[in-house]
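Student: What follows is a single structure, and I will ask about it in a moment.
The values are calculated or read from the model by the stated rules, or taken from the named source; none is laboratory data. Keep in mind that what you see is a predicted model, and the values were worked out from it rather than measured. Backbone-built Cβ (ideal geometry, glycine too); neighbour counts: all protein chains shown. Please note that ligands, DNA and RNA were not included when accessible areas were found on the heavy atoms of the full protein model with its side chains. Shrake-Rupley method; radii C 1.70, N 1.55, O 1.52, S 1.80 Å.
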Protein chains: 2
Amino acid sequence: MIKRRKTKAVMVGAVKIGSGAPVVIQSMTKVHTTDIEKCVKQINRLIEAGCRLVRIAVPTRADTEAFAKIVQKVKIPLIADIHFSPQRAIEAIEAGAAKIRLNPGNIKEQRDILRIIDAAGMHGTAIRIGVNEASIRNLKVMDIPFSRRVSVMLAEMKKYVRLFEGRKFTQIVLSAKSSDTLRTIEINRLISETFDYPVHLGLTHAGLAEDAMVPSAVSLGTLLAEGIGDTIRVSVAGDPVGEVEIAKQILLSLGLCEHLRPELIVCPTCGRAEIDVVALARRVKRAIEKIDRPLRIAVMGCIVNGPGEAADADVAVCAAKNKGFIYRRGKKIAVVSAKQIIGAMLKELKNL
Amino acid sequence: MIKRRKTKAVMVGAVKIGSGAPVVIQSMTKVHTTDIEKCVKQINRLIEAGCRLVRIAVPTRADTEAFAKIVQKVKIPLIADIHFSPQRAIEAIEAGAAKIRLNPGNIKEQRDILRIIDAAGMHGTAIRIGVNEASIRNLKVMDIPFSRRVSVMLAEMKKYVRLFEGRKFTQIVLSAKSSDTLRTIEINRLISETFDYPVHLGLTHAGLAEDAMVPSAVSLGTLLAEGIGDTIRVSVAGDPVGEVEIAKQILLSLGLCEHLRPELIVCPTCGRAEIDVVALARRVKRAIEKIDRPLRIAVMGCIVNGPGEAADADVAVCAAKNKGFIYRRGKKIAVVSAKQIIGAMLKELKNL
């Protein structure tokens with residue numbers, strides 16, 4: 001079990017972030033906010049996939065007006081994504097944003113930041129303070145060598161946290177982001193050592209789905225394994241439902257969320273395999289796709305690790321030439337022909 | 001930069017593992033070893049993909065005979081995968097295995113383990129000592145609660161290392177494997193604290209490709225980010241070339257191998273995007289797929305992080321409605337129509 005780092009609690013509507021709450025998966029809509037129907041539909045697909053908070057871009061006045069309507073139409077708290085405009089922030093807060101994402105670095109005047117903080121305080125809106133390597137332009141971060149950037153980002157974060165605390169506002173979630181895996185790991189370790197506010201993890205601009213999966217899993221996984229991170233967003237250039245699927249896989253792999261679906265263990269096969277393990281595993285996967293219980297199912301191709309994995313599985317098959325040994329919780333209970341393997345496994349799963 | 005943990009050096013043929021050498025990617029053949037032609041073909045595809053060591057199963061006498069022939073036909077050192085049979089181990093060593101993988105737990109008699117060690121010593125063959133959670137059956141590990149297993153695995157490893165050292169054999173690589181992400185992380189941390197031999201990392205039985213990618217990236221990534229791991233194998237039930245691709249992505253994301261291909265940064269898009277960022281990124285990806293230099297290319301959909309990412313990229317586009325701002329190493333150098341974006345980027349890449 002991972003020992004999660006202790007933080008203050010921040011409420012985003014009814015969703016608690018930090019202070020021992022389960023890691024919250026969030027994502028972002030990718031259709032125009034003014035297309036209310038499409039937006040609501042995408043949010044509902046995200047909820048269905050396991051997303052608990054959704055962020056929405058509100059670059060124009062028309063967007064904050066649409067945002068107000070979307071808030072009324074969906075079941076989960078929404079976050080407004082603010083850039084450059086204090087006016088959009090105030091409008092979003094008044095429109096019912098449960099949280100806003102604010103990169104104070106791109107709000108020109110400090111008095112505007114203070115206005116936003118006060119409005120959020122009045123409306124019970126949480127604020128994510130974002131320090132983003134790619135957007136701290138007024139600091140000319142890009143002229144700073146890579147080796148110095150995380151300390152500059154940390155100094156920025158300290159400055160903003162002091163500003164918020166000075167205004168007696170503590171409903172804050174901290175995020176420091178980079179498109180570089182190592183700097184993402186490093187800056188978040190520093191942030192979590194320095195503050196006790198919840199931390200939002202993300203790797204920015206990770207790329208197309210097939211390119212984004214590994215670096216996101218490496219950076220977020222490394223931090224989560226160290227107990228760092230209270231809410232996560234995986235960035236993928238593509239359908240946001242894919243972001244939620246990857247986020248869930250990361251959390252599942254670390255035991256950080258309930259296994260609400262079976263886990264399928266499959267041996268990688270080698271020259272020892274006497275059957276087509278991959279084809280068998282694909283058939284098992286299709287056969288179990290409707291099961292929504294935390295079961296562990298193993299498909300193994302030989303006796304080297306087969307019986308061992310079978311011992312940890314609820315149901316397992318060790319396949320040999322033309323036949324399969326079926327195991328239930330480590331006990332060998334049947335030997336069946338190759339054709340009968342799927343049926344025998346499903347029968348056992350039903351019996352559990 | 002990751003500070004790699006210091007270890008002894010182990011030579012596997014001409015490939016050095018540990019002691020500051022780059023992390024070595026390895027994989028395993030998945031065709032019958034006796035089918036020499038298919039085996040050689042698969043090994044050559046693995047080499048082409050970036051694999052530097054290949055392991056081969058040798059369950060029968062016919063397999064070790066084939067192994068001897070395969071050794072002669074390929075350009076990289078080969079590892080023989082031994083289970084249960086000391087005779088196969090000796091045959092493989094004599095056949096020219098540069099390394100054998102041995103789980104001493106599945107060799108019944110200690111005198112047979114000593115015979116194998118002595119043969120390896122005579123032939124300059126390295127040995128990977130494997131302790132596998134699913135295969136330490138004679139210890140009845142499966143009856144031990146999860147919370148105690150890693151300490152049992154560590155105790156096993158200590159026993160074997162003493163046995164090898166007692167025989168003055170130190171060309172050893174250590175691997176302790178589990179199909180559980182957290183226990184994989186935990187046992188490898190312990191192994192690397194306890195010994196200064198190189199460590200082989202892997203998550204066993206990770207599953208079908210789409211299920212294996214995230215847990216492999218999380219477990220291996222977390223350990224590598226801590227400086228642990230000298231050779232890695234990603235297990236996927238499927239084509240072994242896919243294993244090498246994932247392994248490369250993990251190493252690339254942590255700066256642990258040379259970027260021999262461009263890195264494509266893409267913003268995840270949101271309600272602000274005025275163009276189809278994903279479609280543009282796919283076109284850019286196709287256009288750059290032949291480039292084998294470590295370039296950083298960014299495709300960004302708006303001005304929030306666009307100019308910032310552009311500053312770190314060799315070539316970037318910030319796309320707006322019907323047009324694209326082209327950047328070369330942070331400097332805006334052209335504004336082109338949507339149709340001209342790819343051409344303009346390729347021209348810049350050529351100029352670099």
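Student: Which condition breaks for A:Val199 when tested against (1) within 14 Å of another protein chain (Cβ to nearest Cβ); (2) under 23 Å from B:Pro268 (Cα atoms)?
Tutor: All conditions are met except number (1).
Student: Let me ask something else about it. Quick check, is A:Ala119 out of contact with any strand residue (DSSP E or B) (no Cβ under 7 Å at 6 or more places or on another chain), among the small types (Gly, Ala, Ser) and either open to solvent by 10 Å² or more (accessible area, probe 1.4 Å) or over 21 Å from A:Ser175 (Cβ atoms) (or both)?
Tutor: yes
Student: Filter the range A:180-202 for residues that are of a type in the set (A, V, I, L, M, F, W, C), more than 18 Å from A:Asn103 (Cβ to Cβ) and crowded, with 22+ Cβ neighbours inside 10 Å and give the result.
Tutor: Selection gives A:Ile185 alone.
Student: Name the single residue, out of those in the range B:40-69 being of a type in the set (D, E, K, R) and within 18 Å of B:Ala98 (Cα to Cα), that is nearest to the chain's Cα centre (by Cα).
Tutor: B:Arg52
Student: I've got another one for you. Please enumerate the residues belonging to the range B:14-61 that are of a type in the set (Gly, Ala, Ser) and touching a strand residue (DSSP E or B) at 6+ places or on another chain (Cβ under 7 Å).
Tutor: Passing the criteria: B:Gly18, B:Ser27, B:Gly50, B:Ala57.
Student: From the list A:Leu220, A:Leu163, A:Leu182, pick out the single residue that is touching a Pro at 6+ places or on another chain (Cβ under 8 Å) and farther than 23 Å from B:Cys302 by Cα.
Tutor: Residue meeting the stated conditions: A:Leu163.
Student: Please go through the range A:263-282 and pick out each residue that is under 29 Å from the mean Cα position of the chain (by Cα) and open to solvent by 30 Å² or more (accessible area, probe 1.4 Å).
Tutor: A:Glu263, A:Val278, A:Arg282 - these are the residues of the range A:263-282 that are under 29 Å from the mean Cα position of the chain (by Cα) and open to solvent by 30 Å² or more (accessible area, probe 1.4 Å).
Student: Of everything in the range A:160-179, what is at pLDDT below 95 and either open to solvent by 40 Å² or more (accessible area, probe 1.4 Å) or assigned to a strand (DSSP E or B) (or both)? Give them in sequence order.
Tutor: The answer is A:Lys177, and nothing else.
Student: When you go through (1) facing chain B (nearest Cβ under 8 Å); (2) at positive phi one by one for A:Gly229, which number turns out not to apply?
Tutor: (1)
Student: For the range B:291-352, which strands (runs of 3 or more DSSP E) that fit wholly inside it have 2 or more residues that are open to solvent by 10 Å² or more (accessible area, probe 1.4 Å) and over 20 Å from A:His32 (Cβ atoms)?
Tutor: B:323-328, B:331-337
Student: In the list B:Val214, B:Val199, which residue meets the criterion of being free of Cβ contacts under 8 Å to residues at least 12 places away in the same chain, closer than 20 Å to B:Ala247 by Cα and not hydroxyl-bearing (Ser, Thr, Tyr)?
Tutor: B:Val214
Student: If you don't mind, another one. For the range A:250-268, what are the residues that are touching a Pro at 6+ places or on another chain (Cβ under 9 Å) and under 24 Å from A:Phe325 (Cβ atoms)?
Tutor: Selection gives A:Pro262, A:Glu263, A:Pro268.
Student: Exactly one of these conditions fails for B:Arg128: (1) within 14 Å of chain A (Cβ to nearest Cβ); (2) in a strand (DSSP E or B); (3) of a type in the set (D, E, K, R). Give me its number.
Tutor: Only one criterion in (1) within 14 Å of chain A (Cβ to nearest Cβ); (2) in a strand (DSSP E or B); (3) of a type in the set (D, E, K, R) is unmet by B:Arg128, namely (1).
Student: Is it fair to say A:Arg167 is in contact (Cβ under 8 Å) with a residue 24 or more places away in the chain, of a type in the set (D, E, K, R) and under 21 Å from B:Glu226 (Cα atoms)?
Tutor: No; evaluated as a whole, the condition is false for this residue.
Student: Looking only at the range A:203-226, which residues are more than 7 Å from chain B (Cβ to nearest Cβ) and open to solvent by less than 10 Å² (accessible area, probe 1.4 Å)?
Tutor: A:Leu203, A:Ala212, A:Ser216, A:Ser219, A:Leu220, A:Leu223, A:Leu224
Student: A follow-up question, please. Of the numbered conditions (1) within 24 Å of the chain's Cα centre (by Cα); (2) farther than 18 Å from B:Val173 by Cα, B:Arg128 fails exactly one; give the number of that condition.
Tutor: Every listed condition holds for B:Arg128 apart from (2).
Student: Would you mind finding the one in A:Lys323, A:Lys331, A:Lys339, A:Lys347 that is within 14 Å of chain B (Cβ to nearest Cβ) and at pLDDT below 95?
Tutor: Only one candidate qualifies: A:Lys331.
Student: A further question follows. In the range B:232-253, what count of residues is obtained for those that are buried (at least 23 other Cβ atoms within 10 Å of the Cβ), more than 16 Å from A:Ala209 (Cα to Cα), facing chain A (nearest Cβ under 7 Å) and over 10 Å from the mean Cα position of the chain (by Cα)?
Tutor: Count: 2.
Student: Only one of (1) open to solvent by 10 Å² or more (accessible area, probe 1.4 Å); (2) assigned to a helix (DSSP H, G or I) is not met by B:Lys108, so which one is it?
Tutor: Tallying (1) open to solvent by 10 Å² or more (accessible area, probe 1.4 Å); (2) assigned to a helix (DSSP H, G or I), B:Lys108 fails exactly one: (2).
Student: So in the range A:81-92, with the set limited to residues that are among the hydrophobic types (A, V, I, L, M, F, W, C) and open to solvent by less than 10 Å² (accessible area, probe 1.4 Å), which one is farthest from the other protein chains (Cβ to nearest Cβ)?
Tutor: The qualifying residue farthest from the other protein chains (Cβ to nearest Cβ) is A:Ala89.
Student: Considering only residues that are of a type in the set (A, V, I, L, M, F, W, C) and more than 14 Å from chain B (Cβ to nearest Cβ), which ones fall in the range A:18-50?
Tutor: A:Ala21, A:Val24, A:Ile47, A:Ala49 - these are the residues of the range A:18-50 that are of a type in the set (A, V, I, L, M, F, W, C) and more than 14 Å from chain B (Cβ to nearest Cβ).
Student: Just one of the numbered conditions (1) touching a residue at least 24 places away in the same chain (Cβ under 8 Å); (2) more than 30 Å from B:Arg261 (Cβ to Cβ) is not true of B:Glu109; which one?
Tutor: Status for B:Glu109: all satisfied but (1).
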